[in-house]
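Here is the structure we will look at, set down as structure tokens.
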Amino acid sequence: MPSRRVVIFATAAAVTVGVFAFWPRGPREPVYNGEPLSVWLSGWPSYASFGYDGASPGQRRAEKVMRELGTNALPWLLSEFSRSPSRWKTVFNRWVPSRFRFRLDEGQMRSQLAGRGLENMGPGITPALPELAGYLDDSQRANVAARAMAQAGEIAIPYFTRKLSSTNPVGHFAAVVGLGELMRGTSTAGPLLVQGLQSPNRHARMLTIQFLGNLSNRPDIAMPALSNALADSDANVRALAKVMLARFSTNVPPSQRPTAR
């Protein structure tokens, strides 16, 4: 049997570790109507991640919260978004028997919740553009950062165009995501989006084609670009371009189609 002193020492050590692990660090979490912001965000799936434009009541409520909190929420959201996975929590989770069904959040969930908030900040995201641009090459956070940045409007375009001229495939894809989001609200993004077809990243080229396929109000931009994509070196890219081009041929009146040169 361990002595009383050993038991007291072990208990004190455990409490110290627990306090250190769970003590809040960084900016204070915003509160809305008496509830922490993370509570509002946790019941709200990020449909944007799946290309779905629908919104659940929970998503609409969370979006309203983000717009009302505005830039006051940015320090906490950016701090949570930048969290790196906790090594000791990762090790702990590996050693906890699965029958206990107990796991510690290694940091990913908090980062994801913050990403959901950033994606729906609206124009209030503008002050965070330089910091978010630093994540456009991050394989875990790039697409969320791009969607968030696109809310700022045309002021975000230079960040995306720089990534289109880089050699990082993650950055290429994120730039296409950002320009595709911007395309819904500004006519400037469409011509720039065409540059995504030059990406060395096959997935970025396919995503570019998908966005161009939705550019029904600018057949003069989309149709020539899609026609050029029919000569892409990748069979999947060529097949997708053919499908999108056929959609244009069906839906765009002949008078609006670009003339052959």
Out of all the residues in the stretch 187-240, which are among the acidic types (Asp, Glu) and part of a loop (DSSP other than H, G, I, E, B)?
Asp232, Asp234
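At least 3 residues that are surrounded by 12 or more Cβ atoms within 10 Å (Cβ to Cβ) and modelled with pLDDT of 75 or more in each: list the helices (runs of 4 or more DSSP H) lying fully within the stretch 59-119 that qualify.
Details: elements: 74-81, 87-95, 108-119.
Of the helices (runs of 4 or more DSSP H) lying wholly inside the stretch 59-119, those with at least 3 residues that are surrounded by 12 or more Cβ atoms within 10 Å (Cβ to Cβ) and modelled with pLDDT of 75 or more span 74-81, 108-119.
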Within the stretch 181-215, restricting attention to residues that are more than 18 Å from Asn168 (Cβ to Cβ), under 19 Å from the mean Cα position of the chain (by Cα) and surrounded by fewer than 20 Cβ atoms within 10 Å (Cβ to Cβ), which residue is modelled with the highest pLDDT?
Gln210
Pairs, first among the basic types (Lys, Arg) in the stretch 206-226, second surrounded by fewer than 18 Cβ atoms within 10 Å (Cβ to Cβ), C-beta under 8 Å, six or more apart:
Arg218/Ser187
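The values are calculated or read from the model by the stated rules, or taken from the named source; none is laboratory data. Only a predicted model underlies this, so the values are computations on that prediction, with no experimental measurement involved. Every residue, glycine among them, receives a Cβ derived from its backbone with ideal geometry; neighbour counts consider all protein chains shown.
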